[in-house]
Amino acid sequence: MHASLPHELPAFPATRAEALARLHAFLPNAGQAYARHRNLDEGPGARTHVSGLSPAIRRRLLTEEEVARAAVQAHGLAAARKFVEELCWRTYFRGHLEQRPELWRRFLAAARQAERELDAQPDLARRYEHALAGRTGIDAFDFWVEELKATGYLHNHARMCFASIWIFTLRLPWALGAALFFRHLLDACPAANTLSWRWVAGLHTPGKTYRADAAIIRRTSLGRFRVTAPLAARAAPLPPEPPAPCVPLPRWPEPDPERRTGLFLHTEDLSPETMPWSLRFAVAAATDRIGGDPSALKRRHAEAGLADACRRAAEQFGIDVERLPEDRLEEAMVDFAGRHGLWQIVTPHAAVGPVADRLERIAEALAARGVPLVRVLRAWDRRAWPHATGGFFAFARHIPELLAP
Ligand SMILES: Cc1cc2nc3c(=O)[nH]c(=O)nc-3n(C[C@H](O)[C@H](O)[C@H](O)COP(=O)(O)OP(=O)(O)OC[C@H]3O[C@@H](n4cnc5c(N)ncnc54)[C@H](O)[C@@H]3O)c2cc1C
């Protein structure tokens with residue numbers, strides 16, 4: 001059998017209401033069935049063993065905490081343990097990168113360096129173009145490239161095998177693969193994406209790589225792929241890097257509930273109604289478009305989520321939400337604060353990545369006019385992240401505490 005993309009491509013929840021509906025539809029499968037079958041990939045439009053919630057969770061249309069608690073309520077912690085652990089991989093990766101932001105900067109530098117190598121090495125450039133065009137002759141890989149571009153999603157096992165084939169069979173720079181994922185995945189997350197690619201390459205857990213295996217791909221794809229082209233027989237770790245320095249976790253001052261306050265919404269956390277604040281907002285703002293260089297599909301998904309969050313914030317807090325120009329956001333935020341006589345602007349904390357960098361620049365522009373940008377960290381992150389300094393299994397021991405009432 002040869003796999004092809006279905007005519008009707010799967011859609012992923014782009015609003016909180018859609019995400020909640022998807023969560024409730026998936027909950028019956030989040031117990032022991034998930035533990036048994038989650039590695040099986042029936043293909044786009046046919047998946048029943050995984051939730052497809054990652055684009056919503058990544059932008060916090062739903063939080064890891066509410067999804068984990070719903071699964072535990074439905075099945076009990078013992079039966080839901082695997083599903084909760086997978087959710088917690090995301091929490092772990094985010095906490096890990098938050099304390100080692102240098103790894104994000106190294107990824108960006110490695111991607112720029114690899115782009116320069118493409119100009120200097122025609123053979124590398126040719127292999128890269130074949131990979132991007134889905135013309136490697138490895139049927140599973142070529143299908144996944146098309147699926148990634150057409151749907152903005154790949155099953156976890158496909159992602160692991162894709163990254164492994166990219167690095168060890170096609171011998172392409174890992175950072176170019178991570179950049180390709182970052183551009184296309186609807187759930188593209190600086191932490192989960194960068195650290196998962198590093199994990200496959202043997203840079204996260206030193207010496208431990210992931211080697212894609214043809215027989216396993218045939219089995220987990222339920223025979224959709226033949227994988228007759230040879231895959232790398234060995235997956236030797238990439239040369240080790242010096243450890244990244246560990247920095248303290250952010251500690252933001254509390255907002256002052258007595259002062260006139262504006263709210264700023266961004267795509268790192270799109271559920272203002274579940275944020276741990278009891279503040280009266282005078283007005284809110286968000287950008288009119290998302291920045292960076294995402295695929296058209298990823299842009300549409302993120303912007304739909306942001307528009308949904310703006311609607312919900314307007315309704316929940318009874319306020320206007322202004323959309324400010326993305327290309328001169330710092331200046332527009334200063335103007336916004338001045339026009340509304342705001343003493344402070346409050347926003348959800350953004351984990352390491354482009355949005356956090358932008359918030360920093362906005363904070364500097366506002367501080368120059370005496371207006372603090374107060375970032376608020378969710379309790380889940382504050383409790384979990386300190387445990388994310390080592391490996392995942394040490395972190396996972398704290399899951400029961402995290403879920404305590
Ligand atoms: C190379 C590579 C790159 C990846 N890049 C990303 C990324 O940019 N963003 C992202 O959210 N995930 C990433 N993942 C992790 C994982 O593949 C996706 O989260 C998962 O496939 C999402 O599908 P789902 O929602 O159906 O998952 P489910 O199996 O239904 O899991 C439920 C939720 O748990 C979380 N989750 C599950 N598995 C993982 C995991 N291994 N690591 C982190 N979180 C997990 C997700 O939020 C997911 O929605 C990557 C994995 C690999 C190997």
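Points worth noting:
- Just one of the listed residues (ARG106, ARG59) is among the basic types (Lys, Arg) and within 16 Å of the ligand (Cβ to nearest atom), namely ARG59.
- The criterion of at least 1 residues that are among the polar types (S, T, N, Q) and near the ligand (Cβ under 8 Å from one of its atoms) is met by the following helices (runs of 4 or more DSSP H) wholly inside the stretch 144-225: 156-164, 190-201.
- Residue within the stretch 324-336 that is outside the structural domain of PRO206 (by TED's automatic domain parsing), part of a loop (DSSP other than H, G, I, E, B) and farther than 27 Å from ALA388 by Cα present: yes
- Matching residues, the stretch 260-281, being buried (at least 22 other Cβ atoms within 10 Å of the Cβ) and in contact with a Pro (Cβ under 6 Å, 6 or more places away or on another chain): ASP269
- Residue in the stretch 343-361 that is under 14 Å from GLN99 (Cβ atoms) and of a type in the set (Ser, Thr, Tyr) present: no
Every residue, every condition in (1) surrounded by 16 or more Cβ atoms within 10 Å (Cβ to Cβ); (2) in contact (Cβ under 8 Å) with a residue 24 or more places away in the chain; (3) not in a loop (DSSP other than H, G, I, E, B), yes or no:
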site: PRO245; (1), (2), (3): no, yes, no
site: LEU249; (1), (2), (3): no, yes, no
site: PRO255; (1), (2), (3): yes, yes, no
site: VAL283; (1), (2), (3): yes, yes, yes
site: ALA286; (1), (2), (3): yes, yes, yes
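- For beta carbons closer than 6 Å, sequence separation of 6+ or different chains, a first residue in the stretch 108-130 that is in contact (Cβ under 8 Å) with a residue 60 or more places away in the chain and a second that is in a helix (DSSP H, G or I) and surrounded by 15 or more Cβ atoms within 10 Å (Cβ to Cβ), the qualifying pairs are ALA110/ALA175; ALA111/ALA175; ALA111/ALA179; ALA114/ALA175; ALA114/LEU176.
- Count of the stretch 376-396 residues which are of a type in the set (D, E, K, R) and crowded, with 20+ Cβ neighbours inside 10 Å: 1
- Options PHE83, PHE12: the member that is in contact with a Gly (Cβ under 8 Å, 6 or more places away or on another chain), within 15 Å of the ligand (Cβ to nearest atom) and not in a loop (DSSP other than H, G, I, E, B): PHE83
- Counted residues, the stretch 73-85 - those being surrounded by fewer than 20 Cβ atoms within 10 Å (Cβ to Cβ) and in contact (Cβ under 8 Å) with a residue 60 or more places away in the chain: 2
- Taken together, LEU297, LEU222 contain a single residue that is hydrophobic (A, V, I, L, M, F, W, C) and surrounded by 15 or more Cβ atoms within 10 Å (Cβ to Cβ), which is LEU297.
The values are calculated or read from the model by the stated rules, or taken from the named source; none is laboratory data. Given the structure is predicted, the values throughout are model-derived calculations rather than measurements. Counting neighbours? That spans all protein chains shown, and the Cβs are built from the backbone with ideal geometry, glycine included.
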